[in-house]
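Okay, so here's the structure we're looking at.
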Amino acid sequence: QVRLVESGGGLVQAGGSLRLSCAASGRTFSIDGMGWARQAPGKEREFVAYITWSGASTYVGDSVRGRFTISRDNAKNTVYLQMNSLKPEDTAVYYCAASSTLATSVLDEYDYWGQGTQVTVSS
């Protein structure tokens with residue numbers, strides 16, 4: 001099993017920044033890719049970004065490209081989501097996920113999920 005714990009969410013004004021963290025523990029050797037997704041009230045969960053476990057490859061979704069960056073710290077088994085120029089429409093619960101097969105934008109491919117962290121952007 002892999003355990004994922006997100007942190008760093010909160011309330012921020014539009015135009016501000018937040019950095020989310022996701023700490024992985026347990027059978028981390030089985031992880032191939034890590035991703036971030038978000039879910040706003042009344043909407044489906046949406047892919048945000050992914051990174052390979054090695055950190056060699058990243059991909060950011062269209063809706064946040066140019067504002068969000070995904071990275072990882074190998075020594076800490078931690079993945080980060082740096083969010084800049086935040087907009088009210090970025091308000092959502094942000095989830096960290098891990099896949100044992102590949103880094104992907106397809107959320108169904110992820111095997112493990114964190115509990116989520118709330119991000120609220122005020123206008």
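Mind listing whichever residues of segment 48-69 are closer than 15 Å to GLU109 by Cβ and crowded, with 20+ Cβ neighbours inside 10 Å?
VAL48, ALA49, TYR50, ILE51, TRP53
Name every residue in segment 44-65 that is assigned to a loop (DSSP other than H, G, I, E, B) and either β-branched (Val, Ile, Thr) or in contact with a strand residue (DSSP E or B) (Cβ under 8 Å, 6 or more places away or on another chain) (or both), in order of residue number.
Listed by number, the residues that qualify are ARG45, TRP53, GLY55, SER57, GLY61, SER63, VAL64.
Taking segment 30-43, which residues are within 16 Å of THR120 (Cβ to Cβ) and assigned to a strand (DSSP E or B)?
ARG38, GLN39
Just checking, which of GLY33, GLY42, GLY10 is on the phi < 0 side of the Ramachandran plot and either in contact with a Leu (Cβ under 9 Å, 6 or more places away or on another chain) or not hydrophobic (A, V, I, L, M, F, W, C) (or both)?
Of the residues listed, the single one that is on the phi < 0 side of the Ramachandran plot and either in contact with a Leu (Cβ under 9 Å, 6 or more places away or on another chain) or not hydrophobic (A, V, I, L, M, F, W, C) (or both) is GLY33.
Could you check segment 18-32 and list, in sequence order, the residues that are at pLDDT 95 or above and buried (at least 16 other Cβ atoms within 10 Å of the Cβ)?
Within segment 18-32, LEU18, LEU20, SER21, CYS22, ALA23, ALA24 meet the criteria.
Can you name every residue in segment 77-103 that is on the phi < 0 side of the Ramachandran plot, of a type in the set (S, T, N, Q) and surrounded by fewer than 17 Cβ atoms within 10 Å (Cβ to Cβ)?
Matches in segment 77-103: GLN82, ASN84, SER100, THR101.
Taking TYR110 as the residue in question, decide whether it is at pLDDT 95 or above, surrounded by 18 or more Cβ atoms within 10 Å (Cβ to Cβ), under 18 Å from THR28 (Cα atoms) and of a type outside the set (Gly, Ala, Ser).
For TYR110, the condition - at pLDDT 95 or above, surrounded by 18 or more Cβ atoms within 10 Å (Cβ to Cβ), under 18 Å from THR28 (Cα atoms) and of a type outside the set (Gly, Ala, Ser) - is met.
Give just the number: which of (1) touching a residue at least 24 places away in the same chain (Cβ under 8 Å); (2) part of a helix (DSSP H, G or I) does ALA75 not satisfy?
That leaves (1) as the condition not met.
Looking at this structure, is SER21 of a type in the set (Ser, Thr, Tyr), farther than 19 Å from THR104 by Cβ and touching a Ser or Thr at 6+ places or on another chain (Cβ under 7 Å)?
For SER21, the condition - of a type in the set (Ser, Thr, Tyr), farther than 19 Å from THR104 by Cβ and touching a Ser or Thr at 6+ places or on another chain (Cβ under 7 Å) - is met.
The values are calculated or read from the model by the stated rules, or taken from the named source; none is laboratory data. Source: prediction; values computed, not measured. No Cβ is skipped: glycine too gets one built from the backbone with ideal geometry, and neighbour counts run over all protein chains shown.
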